[in-house]
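Peer 1: Have a look at this one.
The values are calculated or read from the model by the stated rules, or taken from the named source; none is laboratory data. Please read all numbers here as calculations on a predicted model, not as lab measurements. We place every Cβ from the backbone using ideal geometry, glycine too, and count neighbours over all the protein chains shown. Only protein heavy atoms, including side chains, enter the accessible area calculation; ligands, DNA and RNA are left aside. Shrake-Rupley method; radii C 1.70, N 1.55, O 1.52, S 1.80 Å.
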Amino acid sequence: MAEHKVLTTNQIAEIEFLSVRRAQDRLRQLRELGVVFASRESYQRGGTSQTRYALGYLGARLIAAQRAERPPAPKAYTESLERLALWPKLTHQLGVNDFFCALASHRNPARLREESRENEVSGLTQWWPELRCTRFFVKYHSGGRDTALRPDGYGCWEEHGRVVRFFLEHDTGTESLTAVIRKIDDYRDFPTDAFGVLLFSVHSARREIALREALRRALGDPGFVIATAARDHGHQDGPAGPIWGLWKPQGGDSVPRRYRLAELPQRGPYVEHRASNTAQPLNEAAFDPNDRDMLRRIDAPQPEPATPAAYQDDGTGLDRVVLYDDPDDVYRTPTTPGLLDGQRPRRPRFTV
């Protein structure tokens, strides 16, 4: 909750518990202690939303102590919780968290213990929220505007030896397709292919067809991999399942073949696993944002545009896709991380 602002009862149950009832009992105890803050939205036609949980003041003090940070002031923190409950982007944020929780559910520790797989580290191994992304994915241009990516999230999915890193754009249909397409400009200006593929998760199959048509009209070859999926697919594996359609400049609106998330082209750095900590849960494969090698990837020249022929839709799978990185080229955290010489420090960005 400290990292991702707000989670619903079902999302928490999905990633931590074996049943919703057990999650409700534990959350009730934490709410009575002041560790979590609970709220609901009342609907005009009656009824309320599912309970939404954020970190309560006592929980914020505990996290601050674990991180050796100064705790927030009580009054200011209470006001921030009130703003969060009425945040205009709350529904969108819950949708983004729903996407990542569906992936994180494959690593539910209670379920892994029950199946004697508690030492297994696969599935979702990196989950960065928007704020953490905007602080790192910034490319400074001399004499021009800076390119700052604002994805809804950044993740890493591992399955059967394949490692797929991705940026997520969670579309709810409230923006025009023109506004959605404009987001591509920053991804084109940024060395996107050095960090992952771009996923568009849209609310319906009809919206996906319209998005793919808009991409075809507005883009040539963007130089990086784009995949689309509709959230009304109904597949039991959720976003990890075979729901993703690769977008090609010369392709039509239809999707000849759907791929599992793990079958998408591998892009970005290969990072040895390390233990998750309080500051970054579900981030065993996360890289150090201050590492020189990671910063060089941002400042490196743009890679050559992706060859459309590399995307196979003829039933042969993705075996012919040229991977961006050699897995043998293992990234290791430096002993003294820092910025590159002449690199301007990352400007902090604040959101409510």
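Peer 1: Heads up, I need the accessible area for Trp128: 1.4 angstrom probe, whole protein in place, Å², nearest 10.
Peer 2: My reading of the accessible area for Trp128 is about 0 Å².
Peer 1: Which FRET efficiency, nearest 0.05, do Leu62 and Glu175 yield, Cβ-Cβ r, R0 35 Å? Show your work: numbers first, answer last.
Peer 2: Working: r = 37 Å, r/R0 = 1.07.
That pair, Leu62 with Glu175, gives E of 0.40.
Peer 1: Rounded to the nearest 10 Å², what accessible area does Met1 have for a 1.4 Å probe in the complete protein model?
Peer 2: For Met1, the solvent-accessible surface is approximately 50 Å².
Peer 1: Expressed as a whole number of Å, what is the distance separating the alpha-carbon centroids of region 103-157 and region 10-53?
Peer 2: Here the two parts' Cα centres lie 24 Å apart.
Peer 1: List the GluC sites (Glu not before Pro) within region 117-210 that DSSP assigns to loop and that have no more than 14 neighbouring Cβ atoms inside 10 Å.
Peer 2: Glu118, Glu120, Glu175
Peer 1: If you don't mind, another one. Along the Cα→Cβ direction, 7 angstrom out, place labels at Ala205 and Arg117. What is the inter-label distance in nm?
Peer 2: Spacing of the two 7 Å Cα→Cβ label points: 2.9 nm.
Peer 1: Could you sort Lys5, Lys139 by their accessible area in this structure, using a 1.4 Å probe and putting the largest first?
Peer 2: Working: Lys5 55, Lys139 30 Å².
In descending accessible area the options line up as Lys5, Lys139.
Peer 1: Round to a whole number: what % of the accessible area of region 1-158 belongs to carbon and sulfur, probe 1.4 Å?
Peer 2: Roughly 48 percent, rounded to a whole number.
Peer 1: Give the calculated FRET efficiency between Ala73 and Arg274 to the nearest 0.05, with a Förster radius of 45 Å applied to their Cβ-Cβ distance.
Peer 2: Working from the Cβ atoms, E equals 0.85.
Peer 1: Give the accessible surface of region 48-164 per residue, rounded to a whole number of Å², with probe radius 1.4 Å and ligands, DNA and RNA excluded.
Peer 2: Heavy-atom accessible area per residue stands at 49 Å².
Peer 1: OK, next. Measure off 7 Å from each Cα along the Cα-to-Cβ vector at Ala85 and His235, then give the distance between these two points in nanometres to one decimal.
Peer 2: About 3.9 nm separates the two model spin labels.
Peer 1: Ok, one more. Hey, rough spin-label estimate for Lys139 and Ala218, points 7 angstrom out along Cα→Cβ, what's it come to in nanometres?
Peer 2: In this crude spin-label approximation the distance works out to 1.8 nm.
Peer 1: Quick one: work out the % antiparallel among DSSP beta bridges in region 76-234, nearest 5.
Peer 2: Antiparallel: roughly 60 percent of the beta bridges in region 76-234.
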